[in-house]
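No lab work stands behind these numbers, since they all come straight from the coordinates. Since we're looking at a predicted model, the values are computed, not measured. With ideal geometry, Cβ positions are generated from the backbone for all residues, glycine too; neighbour counts draw on all protein chains shown.
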Amino acid sequence: MPLFSVIIPLYNKENFIQNTLQSVLDQSFVDFEIIIVNDGSTDKSEEIVLAFTDPRITYFSKLNEGVSAARNYGIQQSKGIYVAFLDGDDLWFPQHLETLHALIVKNPKAGIFAARYQLIFQNQSIYIPKFSTIPENYSGIISDYFESSLQYAVATSSSIAIPKAVFKNVGYFDTEINVGEDTDMWTRIALQYSVAITNEVTVSYLHYVQNSLSKQSILNKKIKDFTFYKEAEKQNSSLKKYQDLYRLEYALQYKMANKHQIANLLYAEIEPKSIRLKNKILFFTPKIILILLKKFKIFLRNNGIEFSIYH
């Protein structure tokens, strides 16, 4: 039985999957299996993966059902004690699993073990996110996961490991939604378990690679029903602030799609004290200005400048 099961959902990543997979095989900690779930790729992703002959790799190919279904399938096929996720276009440093293993040994009861990560922009500049309330050199249990994730997510789909047993308690990825499905999963886990973070950066996230869904209108996306967390929000003010950021983000997207009623309903659910003046101005800004701001944000991101219109 391997300690780690590395699950890689794969959909049309022919330009990246070879380097991604090699970054796993180059790990200094070798007690792992790799489960690749090809979610109906139509490019050369399969050909590239099958060229690898390492016996630790198990390859599955299925009809396209989305990343949540692919991850769930990988979890079900896994044999490891811990499940580590890696997207098909991200990279691990050689010490990634070794660093997570050390974190597990020191904090065995946590439900999420998170490594720090760096963002690589289109111009190849690098930015290392900082988390509020967490010192840069801190390693251990996070006091408030949601507060710490307000600016940047502590847990990402390529930087964490989760005890497989946790999924028996919180369930699998929600296949009824196709955006924010990873955020939903980490939130459900963080509500029941503590979250531990390393003080080492061991993951590279290609910040300029967008999947096909991210380019689509909000009208083609299925988001989580926020009422799912209503009761938990009453008991956890940090969760409420965290969820309100997503309410605002989706409200703005619906407004740009001319779905003003949905936008207004989402905006009305946000705690008034949490709405900063600039966000109030933003919400009542004409659609054309919002679209220009979004394009400006993408331009800055591609040139290595992080810019948030929500914080």
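Given their separation in residues at 0.36 nm each and the Cα-Cα distance between them, Phe29 and Asn107 gain 26.3 nm when the chain is fully extended. Ordering Met185, Met1, Met256 by the number of other Cβ atoms within 10 Å of each residue's own Cβ, fewest first, gives Met1, Met256, Met185.
Projecting the Cα atoms of Met1, Ser238, Pro94 onto the dipole axis of the chain, where Lys and Arg carry +1 and Asp and Glu carry -1 at the beta carbon, places Ser238 farthest toward the positive end.
Here r is the Cβ-Cβ distance between Lys168 and Met1 and R0 is 25 Å; the resulting FRET efficiency, rounded to 0.05, is 0.90.
Rg and Dmax of the chain, both derived from C-alpha coordinates alone, stand at 19.4, 57 Å. Each residue in Ser5, Ser143 was given a count of other beta-carbon atoms within 10 angstrom of its own, and listing them fewest first yields Ser143, Ser5. What's the center-to-center distance, using Cα atoms, between segment 39-86 and segment 210-270 in Å? Taking the Cα centre of segment 210-270 as reference, the centre of segment 39-86 is 30 Å away. Here the residues Val67, Val105, Val6, Val166, ranked from fewest to most Cβ neighbours within 10 Å of their Cβ, fall in the order Val105, Val166, Val67, Val6. A cut-off of 5 Å between modelled amide H atoms, ignoring neighbours fewer than 5 places along the same chain, links Ile7 with Ile35, Ala84, Phe85, Leu86.
Under a Gaussian network description of the chain, with springs only between Cα atoms under 10 Å, the residue in Ile75, Ile48, Ile120 that fluctuates furthest is Ile48.
Relative to the Cα centre, the charge distribution of the chain, modelled as +1 at Lys and Arg Cβ and -1 at Asp and Glu Cβ, gives a dipole magnitude of about 1260 debye. One chain, two ends: Lys295 and Gln76. Fully extended at 0.36 nm per residue, the span grows by 74.9 nm beyond their Cα-Cα distance.
Dipole size of segment 216-302 about its Cα centre, with +1 on Lys/Arg Cβ and -1 on Asp/Glu Cβ: approximately 360 debye, rounded to the nearest 20.
Phi angles across segment 114-120 convert, under the Karplus curve 6.51 cos²θ - 1.76 cosθ + 1.60 with θ = phi - 60°, into 3J(HN,Hα) values of 10, 8, 7, 9, 10, 9, 10 Hz, Gly and Pro given as x. Once you put a point 7 Å from the Cα of Phe226 and another 7 Å from the Cα of Glu271, both along the Cβ direction, what distance in nm separates them? So the two model labels end up 1.3 nm from each other. Values of log10 I(q)/I(0) for segment 86-163 across q = 0.15, 0.20, 0.22, 0.27 Å⁻¹ run -0.55, -0.99, -1.18, -1.56, by the Debye formula with one identical scatterer at each alpha carbon and no solvent.
Computed over the chain, the per-residue total of -39500 (n - 2.57) for DSSP H runs of n ≥ 4 gives a 222 nm mean residue ellipticity of -10500 deg cm²/dmol, rounded to 500.
When the charge dipole of segment 4-213 is built from unit charges on Cβ atoms (+1 for Lys and Arg, -1 for Asp and Glu) and taken about the Cα centre, the candidate among Val83, Ser41, Ala110 whose Cα reaches farthest toward its positive end is Ala110. Taking amide H positions as modeled 1.01 Å from N, with prolines and chain starts lacking one, no residue 5 or more places away or on another chain lies under 5 Å from Phe52. Taking one quarter of the surface of the convex hull spanned by the alpha-carbon atoms of segment 168-207 gives a direction-averaged projected area of 4.2 nm².
Above 23 Å, the calculated P(r) of segment 216-302 contains 25 percent of its Cα-Cα pairs.
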